[in-house]
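Inspection log for the structure reproduced underneath, given as C-alpha coordinates.
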Amino acid sequence: MTESTNAVRTTPFELEVRKDTRFDFSNTPVIHTRNNTYISHFFNAISLAAPITEGILMRVARRVGGDVTDPALKKDLSSFIGQEGVHTREHRRLNKRLSELGFGLEDVCSELDDTIKRLEETLSLKKLMAGVVVGEHAVYSMSKVGLSKPGLFYGQDKEVRRLFEWHAMEEMEHQSVCHDIYVHLYGDNLERRYLYSTVFIQSSSIVYQVYARLMRELIKHSEKPSAKELSDFIKWATISPAVGPFLLRELMAFLLPNFKHWGRANIDNSLIHKALNNVYS
Ligand SMILES: [Fe+2]
Ligand SMILES: [Fe+2]
(Lines give C-alpha, C1' and ligand atoms only; values in the text may rest on other atoms or scores of the structure.)
(Ligands and ions follow the chains in the order given, each with its own letter.)
Protein backbone atom coordinates (compact mmCIF):
# COMPACT_ATOMS: atom_id res chain seq x y z
CA MET A 1 0.00 0.00 0.00
CA THR A 2 1.51 3.35 -1.08
CA GLU A 3 0.76 6.36 1.14
CA SER A 4 -1.35 9.00 -0.62
CA THR A 5 -0.88 12.76 -0.30
CA ASN A 6 -3.98 13.79 -2.26
CA ALA A 7 -6.13 15.97 -0.01
CA VAL A 8 -9.36 15.49 -2.01
CA ARG A 9 -9.77 11.87 -1.02
CA THR A 10 -9.88 10.29 2.43
CA THR A 11 -8.56 6.82 1.59
CA PRO A 12 -5.08 6.88 3.17
CA PHE A 13 -3.34 4.67 0.55
CA GLU A 14 -3.61 3.54 -3.06
CA LEU A 15 -6.10 0.73 -3.54
CA GLU A 16 -5.02 -2.51 -5.16
CA VAL A 17 -7.20 -4.82 -7.25
CA ARG A 18 -5.87 -8.32 -6.52
CA LYS A 19 -7.20 -9.94 -9.68
CA ASP A 20 -5.16 -13.13 -9.29
CA THR A 21 -6.74 -14.02 -5.95
CA ARG A 22 -8.52 -17.34 -6.31
CA PHE A 23 -10.01 -19.87 -3.90
CA ASP A 24 -10.58 -23.59 -4.19
CA PHE A 25 -13.79 -24.93 -2.70
CA SER A 26 -13.68 -28.38 -4.32
CA ASN A 27 -13.56 -30.09 -0.90
CA THR A 28 -15.71 -27.61 1.04
CA PRO A 29 -18.78 -29.13 2.74
CA VAL A 30 -22.03 -27.16 3.10
CA ILE A 31 -21.74 -27.27 6.90
CA HIS A 32 -18.26 -25.81 7.13
CA THR A 33 -18.19 -23.87 10.42
CA ARG A 34 -18.08 -25.45 13.93
CA ASN A 35 -20.21 -28.29 12.58
CA ASN A 36 -23.15 -25.92 13.14
CA THR A 37 -25.94 -25.59 10.56
CA TYR A 38 -26.98 -22.07 11.59
CA ILE A 39 -23.48 -20.57 11.74
CA SER A 40 -22.49 -22.21 8.43
CA HIS A 41 -25.64 -20.94 6.73
CA PHE A 42 -25.02 -17.45 8.12
CA PHE A 43 -21.86 -17.40 5.97
CA ASN A 44 -23.57 -19.25 3.08
CA ALA A 45 -26.36 -16.64 3.02
CA ILE A 46 -23.79 -13.83 2.78
CA SER A 47 -22.09 -15.63 -0.09
CA LEU A 48 -25.32 -16.34 -2.00
CA ALA A 49 -26.38 -12.69 -1.60
CA ALA A 50 -22.97 -11.28 -2.66
CA PRO A 51 -23.60 -11.23 -6.45
CA ILE A 52 -26.96 -9.49 -5.81
CA THR A 53 -25.78 -6.90 -3.27
CA GLU A 54 -22.45 -6.20 -4.96
CA GLY A 55 -24.24 -6.16 -8.31
CA ILE A 56 -26.27 -3.08 -7.37
CA LEU A 57 -23.21 -1.36 -5.81
CA MET A 58 -21.23 -1.82 -9.04
CA ARG A 59 -24.10 -0.76 -11.34
CA VAL A 60 -24.61 2.50 -9.41
CA ALA A 61 -20.86 3.15 -9.20
CA ARG A 62 -20.57 2.73 -12.99
CA ARG A 63 -23.50 5.10 -13.56
CA VAL A 64 -21.97 7.92 -11.48
CA GLY A 65 -18.48 7.27 -12.88
CA GLY A 66 -18.93 9.59 -15.89
CA ASP A 67 -19.69 12.57 -13.62
CA VAL A 68 -16.56 12.19 -11.47
CA THR A 69 -13.99 14.80 -12.55
CA ASP A 70 -11.33 14.39 -9.85
CA PRO A 71 -8.62 12.00 -11.21
CA ALA A 72 -7.77 10.54 -7.78
CA LEU A 73 -11.43 9.78 -7.04
CA LYS A 74 -11.90 8.38 -10.54
CA LYS A 75 -9.04 5.98 -9.87
CA ASP A 76 -10.54 5.03 -6.48
CA LEU A 77 -13.90 4.36 -8.09
CA SER A 78 -12.33 2.14 -10.71
CA SER A 79 -10.42 0.22 -7.97
CA PHE A 80 -13.64 -0.05 -5.95
CA ILE A 81 -15.46 -1.58 -8.93
CA GLY A 82 -12.44 -3.82 -9.59
CA GLN A 83 -12.32 -5.12 -6.01
CA GLU A 84 -16.09 -5.72 -5.89
CA GLY A 85 -15.89 -7.53 -9.25
CA VAL A 86 -13.29 -9.96 -7.89
CA HIS A 87 -15.36 -10.45 -4.70
CA THR A 88 -18.39 -11.39 -6.78
CA ARG A 89 -16.32 -13.75 -8.95
CA GLU A 90 -14.93 -15.61 -5.91
CA HIS A 91 -18.28 -15.76 -4.07
CA ARG A 92 -19.77 -17.23 -7.25
CA ARG A 93 -17.10 -19.93 -6.97
CA LEU A 94 -18.30 -20.83 -3.44
CA ASN A 95 -21.92 -20.53 -4.61
CA LYS A 96 -21.19 -22.99 -7.44
CA ARG A 97 -19.95 -25.46 -4.83
CA LEU A 98 -23.14 -24.85 -2.79
CA SER A 99 -25.14 -25.59 -5.97
CA GLU A 100 -23.27 -28.88 -6.47
CA LEU A 101 -24.25 -29.79 -2.90
CA GLY A 102 -27.91 -28.84 -3.52
CA PHE A 103 -27.82 -25.45 -1.74
CA GLY A 104 -27.50 -23.00 -4.64
CA LEU A 105 -31.05 -21.58 -4.17
CA GLU A 106 -30.95 -20.39 -7.81
CA ASP A 107 -34.68 -19.57 -8.01
CA VAL A 108 -34.71 -17.62 -4.74
CA CYS A 109 -31.55 -15.67 -5.66
CA SER A 110 -32.91 -14.80 -9.08
CA GLU A 111 -36.21 -13.63 -7.52
CA LEU A 112 -34.35 -11.45 -4.97
CA ASP A 113 -32.15 -10.01 -7.73
CA ASP A 114 -35.24 -9.09 -9.81
CA THR A 115 -36.84 -7.39 -6.78
CA ILE A 116 -33.70 -5.31 -6.14
CA LYS A 117 -33.46 -4.35 -9.84
CA ARG A 118 -37.13 -3.27 -9.91
CA LEU A 119 -36.59 -1.11 -6.80
CA GLU A 120 -33.45 0.38 -8.35
CA GLU A 121 -35.46 1.61 -11.36
CA THR A 122 -37.70 3.70 -9.10
CA LEU A 123 -34.92 5.65 -7.30
CA SER A 124 -32.91 8.74 -8.29
CA LEU A 125 -29.17 8.35 -8.85
CA LYS A 126 -28.44 10.54 -5.81
CA LYS A 127 -30.59 8.37 -3.55
CA LEU A 128 -29.06 5.22 -5.02
CA MET A 129 -25.57 6.60 -4.34
CA ALA A 130 -26.58 7.38 -0.76
CA GLY A 131 -27.76 3.76 -0.58
CA VAL A 132 -24.38 2.58 -1.83
CA VAL A 133 -22.62 4.60 0.91
CA VAL A 134 -24.94 3.07 3.53
CA GLY A 135 -24.46 -0.42 2.08
CA GLU A 136 -20.70 0.01 2.12
CA HIS A 137 -20.83 1.07 5.76
CA ALA A 138 -22.88 -2.04 6.61
CA VAL A 139 -20.32 -4.26 4.86
CA TYR A 140 -17.46 -2.37 6.56
CA SER A 141 -19.14 -2.97 9.95
CA MET A 142 -19.46 -6.70 9.30
CA SER A 143 -15.88 -6.79 8.07
CA LYS A 144 -14.61 -5.04 11.16
CA VAL A 145 -16.45 -7.54 13.37
CA GLY A 146 -14.95 -10.38 11.33
CA LEU A 147 -11.38 -9.14 11.57
CA SER A 148 -11.55 -7.93 15.19
CA LYS A 149 -13.04 -11.11 16.60
CA PRO A 150 -10.71 -14.03 15.81
CA GLY A 151 -13.29 -16.42 17.35
CA LEU A 152 -15.66 -15.67 14.48
CA PHE A 153 -13.77 -17.95 12.10
CA TYR A 154 -12.88 -20.58 14.71
CA GLY A 155 -13.61 -24.10 13.48
CA GLN A 156 -14.18 -22.97 9.89
CA ASP A 157 -13.14 -24.67 6.63
CA LYS A 158 -9.74 -23.12 5.75
CA GLU A 159 -10.71 -21.89 2.29
CA VAL A 160 -14.05 -20.42 3.43
CA ARG A 161 -12.18 -18.56 6.15
CA ARG A 162 -9.62 -17.23 3.64
CA LEU A 163 -12.45 -16.02 1.37
CA PHE A 164 -14.25 -14.13 4.12
CA GLU A 165 -11.08 -12.74 5.67
CA TRP A 166 -9.86 -11.50 2.27
CA HIS A 167 -13.23 -9.98 1.41
CA ALA A 168 -13.46 -8.25 4.81
CA MET A 169 -9.94 -6.85 4.44
CA GLU A 170 -10.70 -5.26 1.05
CA GLU A 171 -14.03 -3.88 2.33
CA MET A 172 -12.10 -2.11 5.07
CA GLU A 173 -9.62 -0.79 2.50
CA HIS A 174 -12.29 0.83 0.29
CA GLN A 175 -14.58 1.88 3.18
CA SER A 176 -14.66 5.61 2.26
CA VAL A 177 -14.52 5.57 -1.55
CA CYS A 178 -18.27 5.86 -2.16
CA HIS A 179 -18.71 8.53 0.51
CA ASP A 180 -15.90 10.58 -1.09
CA ILE A 181 -17.60 10.23 -4.48
CA TYR A 182 -20.99 11.22 -3.03
CA VAL A 183 -19.50 14.36 -1.43
CA HIS A 184 -17.63 15.19 -4.66
CA LEU A 185 -20.85 14.93 -6.72
CA TYR A 186 -23.56 16.18 -4.37
CA GLY A 187 -21.82 18.10 -1.57
CA ASP A 188 -21.39 17.63 2.16
CA ASN A 189 -24.40 19.35 3.70
CA LEU A 190 -27.49 18.81 5.83
CA GLU A 191 -29.31 17.14 2.95
CA ARG A 192 -26.54 14.54 2.76
CA ARG A 193 -26.92 13.76 6.48
CA TYR A 194 -30.71 13.51 6.13
CA LEU A 195 -30.49 11.28 3.05
CA TYR A 196 -27.88 8.95 4.60
CA SER A 197 -30.03 8.56 7.75
CA THR A 198 -33.34 7.94 5.95
CA VAL A 199 -31.78 5.52 3.47
CA PHE A 200 -30.06 3.74 6.39
CA ILE A 201 -33.42 3.14 8.07
CA GLN A 202 -35.29 2.23 4.87
CA SER A 203 -32.64 -0.17 3.57
CA SER A 204 -32.18 -1.97 6.92
CA SER A 205 -35.51 -3.73 6.58
CA ILE A 206 -34.81 -4.74 2.94
CA VAL A 207 -31.39 -6.15 3.86
CA TYR A 208 -32.88 -8.02 6.83
CA GLN A 209 -35.56 -9.54 4.59
CA VAL A 210 -32.98 -10.72 2.03
CA TYR A 211 -30.74 -12.47 4.59
CA ALA A 212 -33.63 -13.86 6.66
CA ARG A 213 -35.17 -15.37 3.51
CA LEU A 214 -31.87 -16.96 2.45
CA MET A 215 -31.23 -18.35 5.96
CA ARG A 216 -34.75 -19.79 6.13
CA GLU A 217 -34.41 -21.45 2.73
CA LEU A 218 -30.94 -22.85 3.50
CA ILE A 219 -32.16 -24.33 6.78
CA LYS A 220 -35.22 -25.77 5.02
CA HIS A 221 -32.88 -27.59 2.60
CA SER A 222 -30.79 -29.02 5.49
CA GLU A 223 -31.31 -31.91 7.86
CA LYS A 224 -33.19 -30.65 10.91
CA PRO A 225 -30.59 -28.92 13.11
CA SER A 226 -30.39 -29.97 16.77
CA ALA A 227 -31.46 -27.76 19.68
CA LYS A 228 -27.78 -27.55 20.72
CA GLU A 229 -26.87 -26.12 17.31
CA LEU A 230 -29.46 -23.39 17.84
CA SER A 231 -28.26 -22.59 21.36
CA ASP A 232 -24.60 -22.56 20.18
CA PHE A 233 -25.61 -20.19 17.34
CA ILE A 234 -27.37 -17.85 19.79
CA LYS A 235 -24.31 -17.93 22.08
CA TRP A 236 -22.04 -17.26 19.07
CA ALA A 237 -24.16 -14.28 18.07
CA THR A 238 -24.65 -12.75 21.49
CA ILE A 239 -21.99 -13.91 24.00
CA SER A 240 -18.82 -15.21 22.32
CA PRO A 241 -17.55 -13.98 19.91
CA ALA A 242 -20.68 -11.79 20.28
CA VAL A 243 -21.16 -10.88 16.62
CA GLY A 244 -24.54 -9.17 17.19
CA PRO A 245 -23.79 -6.44 19.78
CA PHE A 246 -20.47 -5.52 18.18
CA LEU A 247 -22.06 -5.33 14.72
CA LEU A 248 -24.91 -3.20 16.02
CA ARG A 249 -22.46 -0.77 17.65
CA GLU A 250 -20.46 -0.39 14.41
CA LEU A 251 -23.62 0.03 12.31
CA MET A 252 -25.17 2.65 14.57
CA ALA A 253 -21.96 4.71 14.77
CA PHE A 254 -22.78 5.78 11.20
CA LEU A 255 -25.73 7.83 12.47
CA LEU A 256 -23.68 9.83 14.98
CA PRO A 257 -23.02 13.47 13.96
CA ASN A 258 -19.27 13.07 14.52
CA PHE A 259 -18.96 9.87 12.44
CA LYS A 260 -15.96 9.89 10.11
CA HIS A 261 -14.62 7.16 7.83
CA TRP A 262 -11.08 6.29 8.91
CA GLY A 263 -11.91 7.82 12.33
CA ARG A 264 -9.96 4.92 13.85
CA ALA A 265 -7.38 4.55 11.09
CA ASN A 266 -4.70 2.93 13.28
CA ILE A 267 -6.99 0.08 14.30
CA ASP A 268 -8.31 -0.35 10.76
CA ASN A 269 -4.84 -0.36 9.21
CA SER A 270 -3.57 -2.91 11.70
CA LEU A 271 -6.57 -5.21 11.02
CA ILE A 272 -5.96 -4.87 7.25
CA HIS A 273 -2.27 -5.76 7.58
CA LYS A 274 -2.99 -8.75 9.82
CA ALA A 275 -5.60 -10.08 7.37
CA LEU A 276 -3.25 -9.55 4.40
CA ASN A 277 -0.66 -11.74 6.16
CA ASN A 278 -3.20 -14.43 7.04
CA VAL A 279 -4.67 -14.63 3.53
CA TYR A 280 -1.53 -14.42 1.42
CA SER A 281 1.07 -16.21 3.63
FE1 LIG B 1 -17.30 -6.74 -1.64
FE1 LIG C 1 -17.47 -2.87 -0.74
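Summary table
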quantity	calculated
Complete set of residues in the stretch 222-232 that are part of a helix (DSSP H, G or I) and closer than 23 Å to Gly102 by Cα	Glu229, Leu230
Enumeration of residues in the stretch 254-266 that are in contact (Cβ under 8 Å) with a residue 40 or more places away in the chain and assigned to a helix (DSSP H, G or I)	Ala265
Leading residue by the ranking (surrounded by the fewest Cβ atoms within 10 Å (Cβ to Cβ)) among those in the stretch 45-75 that are within 16 Å of ligand 1 (Cβ to nearest atom) and more than 13 Å from the chain's Cα centre (by Cα)	Arg62
Which listed residue, of Ser143, Ser78, is within 16 Å of ligand 1 (Cβ to nearest atom), surrounded by fewer than 19 Cβ atoms within 10 Å (Cβ to Cβ) and either over 30 Å from Ser270 (Cβ atoms) or polar (S, T, N, Q) (or both)	Ser78
Selection from the stretch 126-140 of residues that are buried (at least 22 other Cβ atoms within 10 Å of the Cβ) and among the small types (Gly, Ala, Ser)	Ala130, Gly131
Which listed residue is within 16 Å of ligand 2 (Cβ to nearest atom) and among the hydroxyl-bearing types (Ser, Thr, Tyr), from Ser148, Ser143	Ser143
Selection status of Phe103, modelled with pLDDT of 95 or more, touching a Phe, Trp or Tyr at 6+ places or on another chain (Cβ under 9 Å) and more than 16 Å from ligand 2 (Cβ to nearest atom)	no
Cβ-Cβ under 6 Å pairs, at least 6 apart or on other chains, the stretch 39-68 side modelled with pLDDT under 95, far side small (Gly, Ala, Ser) and within 15 Å of ligand 1 (Cβ to nearest atom)	none
Among the candidates Leu248, Leu271, residue that is assigned to a helix (DSSP H, G or I) and under 26 Å from Gly85 (Cβ atoms)	Leu271
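Quick grid of which residues meet (1) crowded, with 20+ Cβ neighbours inside 10 Å; (2) over 16 Å from His87 (Cα atoms); (3) in contact (Cβ under 8 Å) with a residue 24 or more places away in the chain; (4) within 12 Å of ligand 1 (Cβ to nearest atom):
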residue	(1), (2), (3), (4)
Gly151	no, yes, yes, no
Gly155	no, yes, yes, no
Glu159	no, no, yes, no
Glu165	yes, no, yes, no
Glu170	yes, no, yes, yes
Cys178	yes, yes, yes, yes
Val183	no, yes, no, no
Leu190	no, yes, no, no
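The values are calculated or read from the model by the stated rules, or taken from the named source; none is laboratory data. Values in this document were obtained by computation on a predicted structure and should not be read as measured data. Positions of Cβ are generated from backbone atoms using ideal geometry, with glycine treated the same way; all protein chains shown enter the neighbour counts.
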